[in-house]
Amino acid sequence: MNPSFRVPRHALLRDKLTRIRRRETDSATFRRVLAEIGAILTAEILRDLAEATARIETPVGPMEAPILDAPEPCLVAVLRAGLGLLDGARMVLPDAPVGHLGLVRDETTLKASEYVVRLPRDLATRGALVLDPMLATGGSAVQAIARVKQAGASQVRFACVVAAPEGVRALQAAHPDVPILSAALDERLNEHGYIVPGLGDAGDRCFGTE
Ligand code: PRP
Ligand code: URA
């Protein structure tokens, strides 16, 4: 795989993913653990944000301490399932503005269509982290990132929980400049466009609409 795609080797992340993969996990637990995964992925994909230093006083003495050199990136949740990751991402970036992109896949054609766009104004200066747990055919992510770029974002990152090889290839081909972080790379898509073994329908499991 092209180096723009990365799966971090992280025991906590892997354990949490196994919890939400389990068929018997209820919706409340699924949502809570998905948020925890969102916090870990957000911290991991933003580890290289530019830093500066500031002169501060600790209770014991002065020091030159690292700080972020720029405002926090905008968070963009791809509805619905991206909202589950957003809850955790906001724990890590409480001051980041949040955008919402509503996309839904047609179950037969697997093409995504857009039903809502609410994006922050300062995407150009802050950059954006697009959040969606599932990268299946890649259609939704390709479309979401195109929208975010169209709104002015120059630096865009994408975090997901489970990726299929087909989706990674499609996203890398459409947006080679976008780093992709996923908690796992699964085997393939099935005939219905679901990731195998995957975790089922992330939106339905998150919102109890199965
Ligand atoms: C799911 C998922 C992604 C998309 C991935 O959303 O959250 O957005 O499918 O599939 P793709 O890579 O083939 O485009 P869905 O369209 O089911 O909407 P939902 O989150 O509202 O359930
Ligand atoms: N969307 C999901 O929620 N799950 C999949 O496996 C594929 C697309």
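Overview of results
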{"item": "Beta bridges by DSSP in the stretch 5-207, antiparallel share as percent, to the nearest 5", "result": "40 percent"}
{"item": "Contact order normalised by residue count of the chain, Cα under 8 Å, 6+ apart, percent", "result": "23 percent"}
{"item": "Residue-averaged 222 nm ellipticity for the chain, from DSSP H runs of 4+ at -39500 (n - 2.57), nearest 500", "result": "-10500 deg cm²/dmol"}
{"item": "More than 19 Å apart - percent of Cα-Cα pairs taken over the stretch 83-208", "result": "47 percent"}
{"item": "Per-bin percent of Cα-Cα distances, the stretch 11-55 [5 Å]", "result": "5, 20, 23, 17, 11, 8, 7, 5, 3, 1, 0"}
{"item": "The chain: projected area of the alpha-carbon convex hull, averaged over directions, in nm²", "result": "12.7 nm²"}
{"item": "Directionally averaged shadow of the stretch 16-114, computed from the convex hull of its alpha-carbon atoms, nm²", "result": "9.3 nm²"}
{"item": "Difference of contour (0.36 nm per residue) and Cα-Cα distance, GLU191 to ARG19", "result": "59.4 nm"}
{"item": "Cleavage-rule hits, GluC sites (Glu not before Pro), the stretch 121-201, DSSP coil, Cβ neighbours within 10 Å at most 14", "result": "GLU187, GLU191"}
{"item": "Formal net charge of residues neighbouring VAL156 (Cβ-Cβ distance under 9 Å; K, R +1; D, E -1)", "result": "+1"}
{"item": "Sum of side-chain charges, ALA128 neighbourhood, beta-carbon under 15 Å (Lys, Arg +1; Asp, Glu -1)", "result": "+2"}
{"item": "Among THR137, THR125, THR58, residue whose mean-square fluctuation peaks in a GNM of the chain (springs only between Cα atoms under 10 Å)", "result": "THR58"}
{"item": "Segments 81-93, 97-109 sorted - mean Cβ within 10 Å per residue, highest first", "result": "81-93, 97-109"}
{"item": "Pairs of Cα atoms farther than 12 Å apart, the stretch 60-102, %", "result": "66 percent"}
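All of the numbers you see were taken from the coordinates with simple rules; none came from a lab. Being a predicted model, the structure only gives us computed values, none of them experimental. Methodologically, a virtual Cβ is constructed for each residue, glycine included, from the backbone with ideal geometry; neighbour enumeration extends over all protein chains shown.
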